[in-house]
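Student: Mind looking over this structure? Questions follow.
Here, each number is a calculation from the coordinates, and none is a lab measurement. Since the structure is predicted, the reported quantities are computational estimates derived from the model, not experimental observations.
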Amino acid sequence: MLRLDVVKSVAAWVKERAKGQNKYERSGNLINKRNILPELKGLVDSLSISLDAQTKKPTTESGGSSFSNAFAGVIDFIRVACNYIPDVQLVIDIEGVDVDKCRR
């Protein structure tokens with residue numbers, strides 16, 4: 001937070017651009033139609049990725065994504081992210097999600 005002014009400016013820009021978009025999109029690769037992780041290497045030290053289901057069915061039924069292959073895309077993103085980002089955390093904080101199945 002040494003450059004708080006820059007952090008605040010970028011955060012405001014991102015928030016403004018996200019208005020009206022699906023707030024549940026998690027896979028930058030699907031959104032950008034390419035593997036964006038190499039572009040983030042060296043720039044991003046940590047990723048926190050939310051997972052709201054242990055299988056494809058709950059994700060697509062909940063309307064959480066505009067991509068039919070969103071669950072597979074998120075899983076692929078998580079697997080590949082570890083090759084580019086030093087600290088990748090998976091966050092599972094939704095009632096009814098089987099954490100053990102998500103770990104597998």
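Student: Once amide H atoms are built 1.01 Å from N in the peptide plane, which residues 5 or more positions from Asn35, or in another chain, come under 5 Å H to H?
Tutor: Hits under the 5 Å cutoff: none.
Student: While we're on this one: Which residues' amide hydrogens lie under 5 Å from the amide hydrogen of Ser50, considering only partners 5 or more residues apart or on another chain, with H built in the peptide plane?
Tutor: The answer is Val91.
Student: Residue by residue, what Karplus-based ³J(HN,Hα) values in Hz, rounded to whole numbers, does the range 71-82 have, using 6.51, -1.76 and 1.60 with θ = phi - 60° and x for Gly and Pro?
Tutor: Values per residue, Gly and Pro as x: 4, 4, x, 5, 4, 4, 4, 4, 4, 6, 4, 4 Hz.
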